[in-house]
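Engineer: My questions all concern the structure below.
Rule-based calculations on the coordinates, nothing more; no lab input. A quick note: this is a predicted structure, and the numbers were derived from the prediction, not measured. FYI the Cβ positions are ideal-geometry reconstructions off the backbone, even for glycines, and counts take in every protein chain you see.
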Amino acid sequence: MKLAKTARTDVSNYLIKPPILLPESAVMPSLGPTLIPDDSGFSSQWHLNNLIFPGIDLNVTGVWDEYTGIGVLVGIVDTGIDYNHPDLAANYRTDLDYDARDLDFDSFASLSDDAHGTVVSGVVAAALGDGDAVGVAPGAEITGFRVGFGAGGSMAQISTQMQNMATVDVANNSWSYSGYFGDDFATSTFAAAGAAIRNAAEIGRGGLGTVIRMDGWRRSMLFDETGLPWIPPSPNMPTLAPPMLHPGPCTRPRARRPNAGNQRQLAAAERRLRRAACARYGEPSA
Ligand SMILES: [Ca+2]
Ligand SMILES: [Ca+2]
């Protein structure tokens, strides 16, 4: 089985900056985003910045002043990609892609059924400036892991590209092989692909694990609602119960800056989660 040419890992962007401590009396100025793309189609990209219904969007433009995804490589597992498209050319890595359909090192969209990968690549990382649009991470790099579907596809192609996910920082999979949410990686049909996903989650990014987007996941879901097997992150957490009974930062409501209002919201959310966890695992909630 042939795999993509080069493993690439750059963990420098995952280092956490030390917090900036301010005196309690300090007032944070309210500043809007200064990076506003001048791409001609940006005003129509309501999912990034909704001009008609403000706030009904991804709330991402404020992040771009500090971070646009520079230094992160996203693997697009999908059909072929028109990487000569002016929105994509600047961010596409032709030296890292792999085509499991044609068994070559070029994931260019060469057939009429190759349209999907180009669209998905643009949503992820269409570059600032050139073309018409921008992606949610316009500074990130992308590379293509081409597969076919229907008569042009096979489980061997899928398994190969699931293995190749270990060579990128983030992997995107906007597809299903057997219908919406029909792919069951616990079955024999998908067993090899499932093992490859687990491998990427364990060894990608130099051992930090490739970040693999989970379709169908919602922020309100608890892990055991995903139907996935629990992989203990620590000997002290052999099941989901310990982290559920000790709610942590992952339960925090989204807030840009701490203040009295969202601190109360946080406390209330943690109380709700703790009550739910205790009820689920038969523990007293007092
Ligand atoms: Ca090819
Ligand atoms: Ca662009």
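Engineer: Ordered by residue, what ³J(HN,Hα) values in Hz, to whole numbers, does segment 197-208 give under the Karplus form 6.51 cos²θ - 1.76 cosθ + 1.60, where θ = phi - 60° and Gly and Pro are x?
Structural biologist: Running phi through 6.51 cos²θ - 1.76 cosθ + 1.60 with θ = phi - 60° gives 5, 4, 4, 5, 5, 9, 10, x, 6, x, x, 6 Hz.
Engineer: Next question, about the same structure. Sequence-distant or interchain residues sharing an amide H contact under 5 Å with Ile81, placed H: which?
Structural biologist: Sorted by chain and number, the residues that satisfy this are Phe108, Ala109.
Engineer: I've got another one for you. What is the order of Met165, Met244, Met155, fewest Cβ neighbours within 10 Å to most?
Structural biologist: On the way: Met165 25, Met244 21, Met155 14.
Least crowded to most crowded, the residues run Met155, Met244, Met165.
Engineer: Sequence-distant or interchain residues sharing an amide H contact under 5 Å with Asp104, placed H: which?
Structural biologist: Long-range HN contacts for Asp104: Asp99.
Engineer: Distance from the Cα centre of segment 178-200 to that of segment 32-108, in angstrom?
Structural biologist: Distance between centres, Cα-based: 27 Å.
Engineer: How large is ³J(HN,Hα) for each residue in segment 163-172, as worked out from phi by the Karplus curve 6.51 cos²θ - 1.76 cosθ + 1.60 (θ = phi - 60°), to whole Hz, x for Gly and Pro?
Structural biologist: 5, 5, 4, 5, 9, 10, 6, 9, 10, 10
Engineer: I've got another one for you. Per residue of segment 55-65, what does 6.51 cos²θ - 1.76 cosθ + 1.60 with θ = phi - 60° give for ³J(HN,Hα)? Whole Hz please, x for Gly and Pro, Karplus curve as stated.
Structural biologist: x, 8, 7, 7, 6, 10, 4, x, 6, 4, 4
Engineer: Report, by chain and number, residues whose modeled amide H sits under 5 Å from the one on Ile142, excluding near sequence neighbours (fewer than 5 apart, same chain).
Structural biologist: Amide H neighbours of Ile142, under 5 Å, 5+ apart: Val74, Tyr92, Arg93.
Engineer: Taking the beta-carbon count within 10 Å as an exposure proxy, list Trp230, Trp175 from fewest neighbours to most. Please report the intermediate quantities before stating the final value.
Structural biologist: Values: Trp230 13, Trp175 17.
Listing Trp230, Trp175 from fewest to most nearby Cβ atoms yields Trp230, Trp175.
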